[in-house]
Amino acid sequence: MDAGCLVPYSFPQNSFLSTLKMSMQTPPTLLELAAKRLLRDQASAIAALEHLPAELFPPLFLLAFHSRQHQESLKAMARAWPYPVLHLGGLMRRPRVKVLKAVLDGLDVLLAQEVRPRRCKLRVLDLRNLGADFWRMWCGDSTQKHSSMVPVAVHRSSPNMEHPLAPVEVFLDLNFNERKREEFFMYVIQWAQQREGLVHLCCKTLRIAVVPFQRLRQVLDAVQLDCIQEVEVNCIWDLPTLGTFALYMGQMGNLQKLSLSYIQLLSDEDEDENEDENEEENIEEEEELEEEEEWQREEQEDQEEQEEQEEAEEQASFSQFLSQMLRLQHLRELDMNSPSFLRGRLDQMLRCLQTPLEKFAISHCQRLTHSDLTHLFQCPNLRQLKSLRLYCVSLADFSPEPLRALLEAVAPTLQDLGLDNCAMVDSQIEAILPVLSRCHQLSFFTISENRLSLATVEKLLRHTARLRSLEMELYPVPLECYTTQDTVNQERLDAIQAELTGILRELGQPRSILLVTKHSGYREYYDVAFSCQGACSVPL
C-alpha cells in the first residue's frame, strides 16, 4: 500500500436485515423448517404452544413477526413466552404498531389471569433497540458463542427507586433521533398508564435530536422521570429552551450521564461582525437618505433594548439550569459539545456538581477563557476521573500547571485521556510528561492535531513506554513533516516513521501507534509499529 493513503472507515453491519440476508444464503435449520411448517396452520400453531420446546419459540416468533397474517400467533406466544425477557425492540427499528398491539394484547390476557400459565416466564418486555444478537443466539446461529438454552438475565430497575417492581416491566428508550417516534412512545405510555399497578414502564435513556420541543414535552409529562439514567441532547437549542428542559432534568433523580450539544448564544465574534455590518449600512443610508437618520437611531435603540432583554432572559435561564443541576445527586458522566453558553460561566456549572465525575468531555469550545480553564482543571469533583477528553478546546498561551496538577490527582484512576486539537505546543507537553508517565491505568491516549515537533513526539513515546495498559495511541504528525504550504512531505514522513520505529525497537516492547494529520476536514492515519518479530512502518 502506498504511503500516506487515507484510512477508510468501515462499520460492521449489525442490523436484522443483514442477518436475514445471510440466513437466506445458508440452508435453513431444522428449527426454522419446523417453525415454517407449524405456522402454515395458525390455529394448530396456537394450540401447540403449550407443548412446544422453548427453543422453538424464537424462530416461530420471528416468522410470525415478519408476516402480516399471524397477529393472533404473536398474541398467543406473548402470553406463553417461556423466557424471562421478550426483546421486541431489537426487531422494530421502525415502529410496528400492529405488531406491538398484538404483543400487548397478549400481555393483557396474561395480566388478567390470577394464575400465570405454566409455561410463561415473561417478566420483562424490552422495547429498546439492542441489536439482533439475541435473536441469532436463540435461533441457533453457529457464529454465536452462547447456547440457545442460556437463560436471559432479567433487567432490574435502579436501586434508588422507591417504588416496588411491578409484575411486568416494560423497558423503552425515548429516542427522538427519528421523526414521528413520539406517536409510538405515547401509545406505549398510555397503555402502561391504564394498567397502573400491573405494569411498570421504565425509560432509562432519553435521546433528543429532531423533534419540536412542544412534542417532546408531551412525552416527558407522561413518563416517570426518575427512571431516566442517561440524557443526550443533540440538537440546536437556545439557552431559554435549555432552561425549560432543565425543569424536567431536575426531576431525573437517578440521572448518571448527561450529554449536551449545540446550546447556543450569540458569540462575541458574531456580535462584532453584525455591528460592523450595521455601521456600513448606516453610512450608506445616511448618504442616500439623510431624512431617515432619526428612524435609524430609534431602530438602534430598540435593538439595544431587545438585546438587553434577551441577555436578561438568558441569564435567568442559565440560573434555572444551574438550580436543576444541583438536584443531580448521581451524575457520573458529563459531555459538553459546542457549549458557547458556558463562556465565562463554566466555573458556575462546575460548582453545581454534587458528586465526583468518572468521565468528563468538552469539545468545540475554543473561546473558553483562561479563567474557565483554570476552574476546570481545579474542580474538586474532577479528581477521580477515569476519562478526560478535551477536543478543539484552545490551550494556547495557557499555563500547563493547572492541567499538570489535575493529571497528578487523577493518575491512579485515569484510563482515557484525549487532548486533541487543543493548540498545545512543545513546552506545554514537556511540562506534563513526568506525571503522564505515572498514569499506569491509561489505556487510551490521544493528542493528535497539535503542532508538536519530532523531539516532543519522541519524548512522549519514551515517557509512555512503561504504561502497560495502553491499547490506543494517537500522536500528531511532527511539524518537520510539513512544507511551507502546510502539506505533508511524504519523503520526510517516511524517514520520520522509520526513526520512530527505531525508538520503539530500542524501547523493546511490542507496540503500535498512529500518527495523525488533517487536511481540508479529513484525517490521514499512519501506523508505526514494533513487534517481537521485527518492525513495521506502513500506512494503516
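In sequence order, what are the phi-derived ³J(HN,Hα) couplings for the range 341-353 according to the Karplus relation 6.51 cos²θ - 1.76 cosθ + 1.60 with θ = phi - 60°, rounded to whole Hz, with x for glycine and proline?
Result, ordered by residue: 6, 8, 4, x, 10, 4, 4, 5, 5, 4, 5, 7, 5 Hz.
Output the peptides 45-51, 57-63, 438-444, 357-363 sorted from most to least packed, where packing is the average of other Cβ atoms within 10 Å over each peptide's residues.
Details: 45-51: 14.7, 57-63: 22.6, 438-444: 17.3, 357-363: 19.4.
For the peptides 45-51, 57-63, 438-444, 357-363, the packing ranking is 57-63, 357-363, 438-444, 45-51.
How far apart, in nm, are two points set 7 Å out from the Cα along the Cα-to-Cβ line at residue 367 and at residue 433?
Placing both labels 7 Å along Cα→Cβ, they lie 3.6 nm apart.
Computing the accessible area with a 1.4 Å probe over protein heavy atoms, can you report the carbon and sulfur percentage for the range 184-229? Could you put the intermediate results ahead of the total?
Details: 830 of 1920 Å².
Summing carbon and sulfur atoms, their accessible area is 43 percent of the total for the range 184-229.
Tell me the accessible surface of residue 494 in square angstrom (1.4 angstrom probe, heavy atoms of protein chains only), to the nearest ten.
We get 70 Å² for residue 494.
If I take R0 = 41 Å and measure r between the Cβ atoms of residue 469 and residue 55 in this structure, what FRET efficiency does the formula 1/(1 + (r/R0)^6) give, to the nearest 0.05?
Values: r = 41 Å, r/R0 = 1.00.
According to the calculation, E is roughly 0.50.
For the range 330-379, with all protein chains present and a 1.4 Å probe, just round the carbon and sulfur fraction of the accessible area to a whole percent.
Numbers: 800 of 1910 Å².
Of all accessible area on the range 330-379, carbon and sulfur atoms account for 42 percent.
Taking 0.36 nm per residue of sequence separation and subtracting the Cα-Cα distance, how much length would be gained by fully extending the chain between residue 48 and residue 355, in nm to one decimal? Show your work: numbers first, answer last.
Values: separation 307, 0.36 × 307 = 110.52 nm, distance 5.48 nm.
Stretched out fully, the residue 48 to residue 355 stretch lengthens by 105.0 nm.
Roughly how big is the range 387-487's charge dipole about its Cα centre, with Cβ charges of +1 (Lys, Arg) and -1 (Asp, Glu), in debye to the nearest 20?
On the way: 8 positive and 13 negative charges, 78 e Å.
The calculated dipole for the range 387-487 is roughly 380 debye.
With r defined as the distance between the Cβ atoms of residue 308 and residue 97 and R0 fixed at 45 Å, what FRET efficiency is calculated, to the nearest 0.05? Write down the numbers at each step before the final one.
On the way: r = 49 Å, r/R0 = 1.09.
The value I calculate is 0.35.
Considering only C-alpha atoms, what is the centroid distance from the range 326-399 to the range 51-116, in Å?
Centre-to-centre (Cα) distance: 46 Å.
Which entries in 75/121; 257/386; 257/518; 36/98; 459/518; 75/204 show an alpha-carbon gap greater than 19 Å?
Numbers: 75/121 15 Å; 257/386 14 Å; 257/518 31 Å; 36/98 21 Å; 459/518 22 Å; 75/204 26 Å.
Cα-Cα > 19 Å for 257/518; 36/98; 459/518; 75/204; rest within.
Kindly state, to the nearest 0.05, the FRET efficiency for residue 118 paired with residue 224, given R0 = 35 Å and r defined as their beta-carbon distance. Don't jump to the answer; show the numbers that get you there.
Working: r = 32 Å, r/R0 = 0.92.
Using R0 = 35 Å, I get an efficiency of 0.60.
If a/c stays under 1.5 just call it rounded; otherwise compare a/b with b/c (prolate if a/b is bigger, oblate if not). Do that for the range 381-540, with a ≥ b ≥ c from the square roots of the Cα gyration tensor eigenvalues. Provide the component values of the computation, followed by the final result.
Numbers: a/c = 1.93, a/b = 1.24, b/c = 1.56.
Oblate, since a/c reaches 1.5 and b/c is not below a/b.
The values are calculated or read from the model by the stated rules, or taken from the named source; none is laboratory data. Quick caveat: nothing in here was measured; it's all calculated off a predicted structure. Neighbour counts are summed over all protein chains in view; Cβ atoms, including those assigned to glycine, are modelled from backbone coordinates with ideal geometry. Just so you know, the surface numbers come from the protein's heavy atoms only, side chains and all, with ligands and any DNA or RNA stripped out. Shrake-Rupley method; radii C 1.70, N 1.55, O 1.52, S 1.80 Å.
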